[in-house]
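What follows draws every value from the coordinates through simple rules; no lab data is involved. It should be emphasised that the depicted structure is a prediction, and the values quoted were computed from it without experimental measurement. Here Cβ is always computed from backbone atoms with ideal geometry, including for glycine, and neighbour counts include all displayed protein chains.
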C-alpha cells in the first residue's frame, strides 16, 4: 500500500522581512513529501517538471522513500515558477510572478504501480486535474485529502463542487472557508462545506492554529508561538504532509486520530517556517519532531478548576 501525493514540484523566488532568495526549490508536492516521509513510506509523487529541475532534489527525496514514476519530466521545458513578497505581519503576501511553464500541459497519468494507493493527498491544483487522478484509481483509497484555494473558487467553482463530492477531507484556510460557504462564522461555514461532500474539514488559521470539524464535533489545535517566522511559503503543504503522513502511519481515520494528525501537521509546519523553502525540513530528526510535539502538548495542557 502507498501514499500518493499530487501537486507541483517547482521553483520559488521569495522575499520576506528577514531575507531574500532568487531561486529555491518549492511546490506543494515537494513540501508534502518532505513532511510525510518522516512518518510513512513509500510516498509516490504525481507531478510535472521541466528539464531544469535538479536531479539532486529527486535523489534526496528518493533517499526518503519517495518514488517518481508518476512525475513527468519535459526535458525541453521549464518548471513552474512562482515569486512572492511577504509583508511584515507575514500573513499577507504579494504574488510578483507566476510562470506556469510545463504546468500548463499537466495531464497526470497514474502508473500501474500507483494502483495500490491507500491514502491520496491532492495538492492545490485545478479541480479537473484532482478529479482525473481520483477517476484513474481502480480502487477508492481509504482516505482522500484535498487542498484548494480561492483562485479555483473564483474561476472553477462548479468543478470544485464536483470534486468535493469525491473526497473525505478538505483543507483550506479561514478566508477560503468563508468564501466557499458564504458564511462568516466558521462553524456555520463548516456545516455548509461538509454538506457539499467532505466528511471532515480542516481550517488553517496560520499563527492562530487550526480547526477540525466532523459532524457536530469540533477540535481546536493551538499554534506554537515562534520567535522568528522566517518564510511561511509551503507551511500549509507541510501541514498537510504531516497530517496525512500520521494518518497513513497509524492506519486510523477516526476523528480522535485526526486530532493528533492536526497537531503533527502543525508541528511540521512550525519547522518549515524557520528557513527558506524546504531547507529546514531536510535537517530535522525524529528527536526534533518528538520534542516539538511535546511542546505542542504542553501548550494545551491544563487541569480543570473546581467551580
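Details
- The distance linking the range 31-54 with the range 278-307 is 25 Å (Cα centroid to Cα centroid, whole angstrom).
- When Rg and the Kirkwood Rh are both derived from Cα coordinates, the Rg/Rh ratio for the range 2-299 amounts to 0.93.
- Expressed as a whole percent, the proportion of Cα-Cα pairs in the range 242-306 lying more than 18 Å apart is 44%.
- For the range 93-163, the calculated P(r), taken from all Cα-Cα distances in 5 Å bins from zero up to the bin holding the longest distance, is 3, 14, 23, 23, 18, 11, 5, 2, 0 percent.
- Relative packing of peptides 290-301, 266-277, 207-218 - highest average C-beta neighbours within 10 Å first: 266-277, 207-218, 290-301
- For the range 9-100, the square roots of the Cα gyration tensor eigenvalues, ordered a ≥ b ≥ c, give a/c of at least 1.5 with a/b no greater than b/c, which places it in the oblate category.
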